[in-house]
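The structure appears right after this line, and notes come after that.
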Amino acid sequence: MFKWLHPYAKPERAYALANRLYLWLWPLALIGLFTGSLWGLMFAPSDYQQSDSFRIMYIHVPAAIWSMGIYMSMGIAGICALVWQMRSFELSVLAMAPIGAVFTAIALFTGSFWGKPMWGTWWVWDARLTSELILLFLYLGVFALFYSFDDKRAGAKAACILAIIGMINVPIIHYSVEWWNSLHQGASITKFDKPSIAKEMLWPLLINIFSCLLLFIALTCYRFATELLASESHRKWVTKIIQ
Amino acid sequence: MITRRQKRFYTIMALFAGLALTVSLVLYALSENIDLFYTPSEIINGKNETGIKPSIGQRLRIGGMVVEGSVKRDPDTLLVEFKVTDTGPEVTISYEGILPDLFREGQGIVANGHLIDSNTVEAFEVLAKHDEEYMPPELAEAMKGIKHVKPSENPALQGGQP
């Protein structure tokens, strides 16, 4: 595997790969999101208890799932950055942090808009909601640490350490609804037995979840490529691309 | 022979393991306080692990299912009284105010209020909890015999007779 990965240690190869992935995945993600949202919002049947309000799930669930997924990949990239001491890994952590923060913010806001009509409150200090809020602060912290040192490499190292430490929060978010009594309901699709959601409601949700993954990869590639260009701006291969 | 790379990797893993242990111990110690609510049986019999019962006058949250046929409404005011249960004991909740749309008999709710005697809670906030099952109304009727009725058309929530 290392032999196969080896060429991408060279920044110009990594840049080319990220650029190509971005160009392919970006339209795919948009098409998927459009299909999934249209299907979910217009054609999926309404819920027996929540009628149409449950449709906010088609935005809320993908955002919430990937807010955790992005954090895990950011943490793993952070470990790689500290172990191999490669600038590319540090830049990928920097690329993922704001995207994850936006996903988390979307999950929190849509959750709030869902909570008001259904639960009767915008916010409650429930284990699930609180740990998701902590996740948002972790993302912001990682992003802020990158720029809080005069030496870029020192900032990156500190940010990677925070990214790794914050991974502890991810299983806490996921299991919070099982470990403690909470207002938030349990997992519907990420559990081992059959999903407790009707098939015709599940399909658009799965499409949206998958498209959000593609969107995340595409945006990460885009940001990563840009950061790579900026950090290598004095190199020959960059001047060649810019011209 | 351990390379520098391996050494860094093991250091990170050791740090992470230590931190994970610390956090899990802290959460374990705090677990009672992280619970959002007491269940009715915990109010009557005390918490499972410690057996501590909440004291009268204490501010607390209680969560459980609304008992079928227990909802009583005052015809002139917004006062409503109902019982909640989880597995056995029932606790009465009185509340004055507007209930959330999802509130109906058999529904899970969380109420925030004061314990006024051993099995009565005077609530100042009632929140509805919904479960993780989503299905279209026809399927729900076929599977569970639940017919979706809009709260405004539900006789049990209108007149006061259960």
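Summed over segment A:179-202, residues that are loosely packed, with under 15 Cβ neighbours inside 10 Å, more than 29 Å from B:Ala17 (Cβ to Cβ) and either more than 9 Å from chain B (Cβ to nearest Cβ) or within 22 Å of the chain's Cα centre (by Cα) (or both) total 3. Can you list residue pairs whose Cβ atoms sit under 6 Å apart, with the first residue in segment A:219-243 being at negative phi and the second being open to solvent by 60 Å² or more (accessible area, probe 1.4 Å) and not hydroxyl-bearing (Ser, Thr, Tyr)? Count only pairs 6 or more apart in sequence or on different chains. These pairs meet every condition: A:Cys221/A:Leu21; A:Trp237/A:Glu12. The number of residues in segment B:25-58 that are open to solvent by 60 Å² or more (accessible area, probe 1.4 Å), modelled with pLDDT of 75 or more and in a helix (DSSP H, G or I) comes to 6. All conditions in (1) at the interface with another protein chain (Cβ under 10 Å from one of its Cβ atoms); (2) open to solvent by less than 80 Å² (accessible area, probe 1.4 Å); (3) under 24 Å from A:Thr130 (Cβ atoms) hold for B:Met13, with the sole exception of (3). Looking only at segment B:95-115, decide whether some residue is out of contact with any Lys or Arg (no Cβ under 7 Å at 6 or more places or on another chain), away from every other protein chain (no Cβ under 12 Å) and open to solvent by less than 40 Å² (accessible area, probe 1.4 Å). Yes.
The test for being at pLDDT 80 or above and more than 14 Å from chain A (Cβ to nearest Cβ) does not hold for B:Val126.
Would it be correct to say that A:Gly141 is touching a residue at least 60 places away in the same chain (Cβ under 8 Å) and either of a type outside the set (A, V, I, L, M, F, W, C) or open to solvent by 10 Å² or more (accessible area, probe 1.4 Å) (or both)? For A:Gly141, the condition - touching a residue at least 60 places away in the same chain (Cβ under 8 Å) and either of a type outside the set (A, V, I, L, M, F, W, C) or open to solvent by 10 Å² or more (accessible area, probe 1.4 Å) (or both) - is not met. Exactly one residue out of A:Ser131, A:Ser176, A:Ser211 is modelled with pLDDT of 90 or more, open to solvent by less than 20 Å² (accessible area, probe 1.4 Å) and facing another protein chain (nearest Cβ under 10 Å), and it is A:Ser131.
Taking segment A:62-76 as the range and being over 15 Å from A:Leu136 (Cα atoms) and more than 13 Å from chain B (Cβ to nearest Cβ) as the test, the residues that pass are A:Pro62, A:Ser73. Whether a residue is open to solvent by 40 Å² or more (accessible area, probe 1.4 Å), away from chain A (no Cβ under 13 Å), acidic (Asp, Glu) and outside any loop (DSSP other than H, G, I, E, B) was assessed, and B:Glu68 does not pass this test.
When segment A:200-230 is filtered for residues that are over 16 Å from A:Asn19 (Cα atoms) and small (Gly, Ala, Ser), only A:Ser211 remains. Here the condition is being open to solvent by 40 Å² or more (accessible area, probe 1.4 Å), modelled with pLDDT of 90 or more and not polar (S, T, N, Q); of A:Phe43, A:Phe109, A:Phe103, it holds for A:Phe109 alone. Scanning segment A:57-74 finds one or more residues that are more than 13 Å from the chain's Cα centre (by Cα) and open to solvent by less than 10 Å² (accessible area, probe 1.4 Å).
The values are calculated or read from the model by the stated rules, or taken from the named source; none is laboratory data. All figures in this text were calculated on a predicted structure; none of them were measured in a lab. Counting neighbours? That spans all protein chains shown, and the Cβs are built from the backbone with ideal geometry, glycine included. In case anyone asks, the SASA skips ligands and DNA or RNA and just uses the protein heavy atoms, side chains included. Shrake-Rupley method; radii C 1.70, N 1.55, O 1.52, S 1.80 Å.
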